[in-house]
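Here is the structure we will look at.
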Amino acid sequence: MAVTTLPLRPPADPVELAAVVLQNLVTLRQVAPSEDSVSWSATQREAVIGVLDKVATQLSLYKGEVLATHKDSGQWAGRGDRTFDNWRSRTGRQTAGETKKEIVVAEGANTLPKAKEATEQGQIAMGHLEVLARLKANASRAVQRALLEGGEEHLTSLAARNDVTTFAARAKTWAARIDAAALENDREAVHEQRSLRMALTANGLRYSGTADPVAGAKIKAAFEALMGRPATDDERSHDQRMADAFEAMADRVLGEGQDKVGAQLRPHLAILVREETWTAMRRRRWFLGGAGSSPDGVGPVAGCDGTTGLPPAAGPRGVDGLGRGVPAAELEDGTLIAESELERLACDCEITRIVMNALGEPLDVGRDVRTYDKQLRRAVLARDRHCQWPGCAMRGSWCEVHHIIYWENGGPTSLGNAITLCCFHHHEVHRKGIGIIKTPAGFRFTARGGRVIGTSSRIDDILLCPRSLSIAGRAPTEDALGGGSSDSHAQSPPGHSPGELADASPLF
């Protein structure tokens, strides 16, 4: 079989050179066909996948550069295509959505030099660059300015420490801190698109619709509560179980008479709100309410011009909002809550005050019981937010709470001895005897032989950790924080020093 390799003197014509690259890829598939990979060692397969990842990244970046140049040249016009997007969709034989994404990334890469360089060097993935490109394309002027003034470097560093899904959520949180008004506008735009369509056909009722993030979270929470966990012999698909939950919801409303105004039990959603956000919201209420004290006693106070470290008293919506730098409230899964939505939800809700230390650790509220429930479970989920297995982003409300030191071995049912794990990784921990070592801001997972599987950390979570640790990329390393050298399997969960209490930050 003939093997074509890159010539010692590559052709000067870029078309010919690109054709040689293509031919080498074809040769790779011919000489080392993928069906033969079953006989390769795991190390070989992983090495090949790693090289191909780099090849795909370089090709994507190069193609994006050429696409952006061709678009700017205008030479694509005159062939019956109204726009460059139309031309690219036609020549690339791809959908309009695929074309839009490709062009946004191509143009974003050219205006995000630090992120592009990090992608070229393999420090971040193309997915991270796509998130940054979309953020920049849709950013307000304030966010655009912040990107130029060090924000791009900070977000690139953040991307290098997080998977794409987690980074996307944290990048959005960063943008919301810069411009809360943009989050409010986005919320209003999405809310205006809400809809629910129902049509009775010969085969039954067909329905479809769209809801804003908060309403959608409520609906999902209600469905999941009615669905429960499927039994081992339950052969229904997930969609079928969702449809049955919808019917069960209707049965409850019709059967229990909960259709009277104000009689419904509100869905339970956990909303995480930092102390300064809560304070700013109450000050804003006082401002809009006019002179005099507010019902909760919060009015203009000495130092509210910023000398206390809290935001100034807020002005009317659309002008100051909650104030620059105030973190947006979030659901447990990271969904951001616009200020108007937070105010509406706060009118009639149960509030649990959880005090965090400087590393995002709630103060211990341990109880002498085996199961984690009620306030204690809430504290664990507020701290962890998702499965803590390295790389797993399963939301906390779908997870289980695991005793780091097993209950039968004397481990207490306390916050310090708890960790959030999804069902699969919970089983893995028990099945493989995985060791879990508590660090100052997360957990370290080790195999039986002592090999470190990976770590999880709250340091980059802007909502939970104090600003001194999170903003502008000043997150400390594990070593700087004390390293997490104590093994939680060998010691009791740590207490809280006076220094921790001094740095405590209330989370409502």
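Okay, residues lined up against (1) more than 28 Å from Val273 (Cα to Cα); (2) of a type in the set (A, V, I, L, M):
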{"site": "Ala139", "(1), (2)": "no, yes"}
{"site": "Leu148", "(1), (2)": "yes, yes"}
{"site": "Glu192", "(1), (2)": "no, no"}
{"site": "Tyr207", "(1), (2)": "yes, no"}
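Quick check on Ser60: is it under 23 Å from Leu22 (Cβ atoms), surrounded by 12 or more Cβ atoms within 10 Å (Cβ to Cβ) and in contact (Cβ under 8 Å) with a residue 40 or more places away in the chain?
On the way: under 23 Å from Leu22 (Cβ atoms): yes; surrounded by 12 or more Cβ atoms within 10 Å (Cβ to Cβ): yes; in contact (Cβ under 8 Å) with a residue 40 or more places away in the chain: yes.
Yes, satisfied.
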Residue among Gly433, Gly416 that is among the small types (Gly, Ala, Ser), buried (at least 18 other Cβ atoms within 10 Å of the Cβ) and either over 30 Å from Leu155 (Cα atoms) or touching a Phe, Trp or Tyr at 6+ places or on another chain (Cβ under 6 Å) (or both): Gly416
Among the listed residues Gly228, Gly216, identify the single one that is surrounded by fewer than 16 Cβ atoms within 10 Å (Cβ to Cβ) and within 26 Å of Ile337 (Cα to Cα). Gly216
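In this structure, does Ala159 turn out to be touching a His at 6+ places or on another chain (Cβ under 7 Å) and closer than 15 Å to Ala171 by Cα?
Values: touching a His at 6+ places or on another chain (Cβ under 7 Å): yes; closer than 15 Å to Ala171 by Cα: yes.
For Ala159, the condition - touching a His at 6+ places or on another chain (Cβ under 7 Å) and closer than 15 Å to Ala171 by Cα - is met.
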Being at pLDDT 90 or above and assigned to a loop (DSSP other than H, G, I, E, B): is that true of Gln58 here? no
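Can you tell me which of Ala125, Ala133 is touching an Asp or Glu at 6+ places or on another chain (Cβ under 9 Å), closer than 21 Å to Asp72 by Cα and not charged (D, E, K, R)? Lay out the reasoning, then the answer.
Values: Ala125 fails: closer than 21 Å to Asp72 by Cα.
Only one candidate qualifies: Ala133.
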Of the residues in the stretch 436-455, those that are more than 25 Å from Ala358 (Cβ to Cβ), out of contact with any strand residue (DSSP E or B) (no Cβ under 8 Å at 6 or more places or on another chain) and either touching a residue at least 40 places away in the same chain (Cβ under 8 Å) or surrounded by 18 or more Cβ atoms within 10 Å (Cβ to Cβ) (or both) number 0
Residue list for the stretch 81-120, restricted to those being closer than 20 Å to Gln144 by Cβ and either part of a loop (DSSP other than H, G, I, E, B) or not assigned by TED's automatic domain parsing to the domain that holds Leu158 (or both): Leu112
Being without any contact (Cβ under 8 Å) to a residue 12 or more places away in the chain and surrounded by 12 or more Cβ atoms within 10 Å (Cβ to Cβ) is the filter here; which residues of the stretch 77-98 pass it? Ala77, Asp81, Thr83, Asn86, Trp87, Ser89, Arg90, Thr91, Gly92, Gln94, Glu98
When restricted to Ala180, Ala168, Ala146, the only residue over 19 Å from the mean Cα position of the chain (by Cα) and surrounded by 19 or more Cβ atoms within 10 Å (Cβ to Cβ) is Ala146
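Take the residues of the stretch 72-103 that are of a type in the set (D, E, K, R) and within 33 Å of the chain's Cα centre (by Cα): which is nearest to Lys116 (Cα to Cα)?
Initially, the stretch 72-103 is screened for residues of a type in the set (D, E, K, R), giving 72, 79, 81-82, 85, 88, 90, 93, 98, 100-102.
The next check asks that each one be within 33 Å of the chain's Cα centre (by Cα); those that pass are 85, 88, 93, 98, 100-102.
On the way: Asp85: 23, Arg88: 22, Arg93: 26, Glu98: 20, Lys100: 19, Lys101: 16, Glu102: 15 Å.
Looking at the filtered set, the residue picked out is Glu102.
The values are calculated or read from the model by the stated rules, or taken from the named source; none is laboratory data. It should be emphasised that the depicted structure is a prediction, and the values quoted were computed from it without experimental measurement. Cβ atoms come from the backbone with ideal geometry, glycine included; neighbour counts cover every protein chain shown.
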